[in-house]
Amino acid sequence: MAFEDTTRKFQKGDWLWLDAEFLNEKDSVFWNSHHEGADKFFIQLADTASHPFFFPFYQSSCYDSLMIVAPKNIVLRDIFNVTNCPHFLKKDSIIKCFVKIKKQITSVSDIIIFQKNEDSTIQHFLEKNKPLFEKDSMGIIWLEPLPVPKYKIRENVSYATVAYSGYFLDGRMIDHSDSLGIYYNDTLQLIKGLNFVIKKLHVGQSAKIILPSPLAFGARGSWNKTIPPFTPLLYEITLMKIE
């Protein structure tokens with residue numbers, strides 16, 4: 001990998017790879033960067049050096065360790081991309097974070113390495129399970145149905161009911177609806193790849209697909225960091241009805 005001089009101070013827009021542990025006011029850990037063995041936690045420094053969470057990074061360089069205390073709402077919004085406070089943080093006004101700066105990502109080649117690791121994960125799954133599959137123009141890998149549906153994509157879905165289950169490619173479940181499904185429309189969207197698949201299916205039809213990370217949770221991972229960056233996912237989804 002190509003990384004810059006470790007003595008260089010960080011600047012606005014820099015991407016950092018961190019070991020991090022987040023605690024509430026009573027020092028109970030509610031998330032760390034090794035959750036589920038992920039070890040992929042990235043942040044991009046905000047455009048303002050006065051940001052209460054990012055400010056200490058501007059005084060730091062690679063391999064430094066930091067202890068950060070910042071307002072709860074700012075950490076949830078800017079680090080976890082959450083606007084509604086989780087129940088286990090309702091009584092807290094601040095969040096503490098212990099950070100070790102592992103590396104600074106400084107070139108496109110660094111991102112390419114993560115993308116190649118993702119491609120290898122997908123290839124390993126296909127070689128191990130040997131399913132019939134077809135890859136469409138968006139990069140979605142369809143395992144079922146085959147051939148890939150050629151129906152015209154519905155531009156607007158007023159309301160639909162969909163049932164789904166999502167998995168890492170090693171088989172661990174990450175999310176699922178109940179048997180009655182969930183309501184879906186264009187204003188309450190799922191991740192990009194599922195939005196596309198729903199609009200391709202007929203009522204009653206199911207699909208089993210692999211979504212590469214750009215069509216899932218991308219280079220940042222999920223809001224709660226349970227799904228690491230650059231992680232492909234497998235989904236089983238059924239379009240139950242359209243209203």
Quiz item: Quick one: how many residues across region 227-242 are among the polar types (S, T, N, Q) and in contact with a helix residue (DSSP H, G or I) (Cβ under 6 Å, 6 or more places away or on another chain)?
Solution: 1
Exercise. Filter region 226-243 down to the residues that are outside any strand (DSSP E or B) and in contact with a Lys or Arg (Cβ under 9 Å, 6 or more places away or on another chain), then identify the one that is surrounded by the fewest Cβ atoms within 10 Å (Cβ to Cβ).
Key: PRO229
Quiz item: Which residues, counting only those in region 127-140, are without any contact (Cβ under 8 Å) to a residue 12 or more places away in the chain and over 16 Å from SER213 (Cβ atoms)?
Solution: GLU127, LYS128, ASN129, LYS130, SER137
Quiz item: among the hydroxyl-bearing types (Ser, Thr, Tyr), touching a Ser or Thr at 6+ places or on another chain (Cβ under 9 Å) and in a strand (DSSP E or B) - does that describe any residue in region 167-189?
Solution: yes
Quiz item: Which of (1) farther than 11 Å from LEU18 by Cβ; (2) modelled with pLDDT under 85; (3) surrounded by 19 or more Cβ atoms within 10 Å (Cβ to Cβ) does PHE41 not meet, given it meets every other one?
Solution: (1)
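The values are calculated or read from the model by the stated rules, or taken from the named source; none is laboratory data. The shown structure was predicted, so the numbers you read here are calculated from the model rather than taken from an experiment. Using ideal geometry, Cβ is built from the backbone for each residue, glycine included, and neighbour counts are taken over all protein chains shown.
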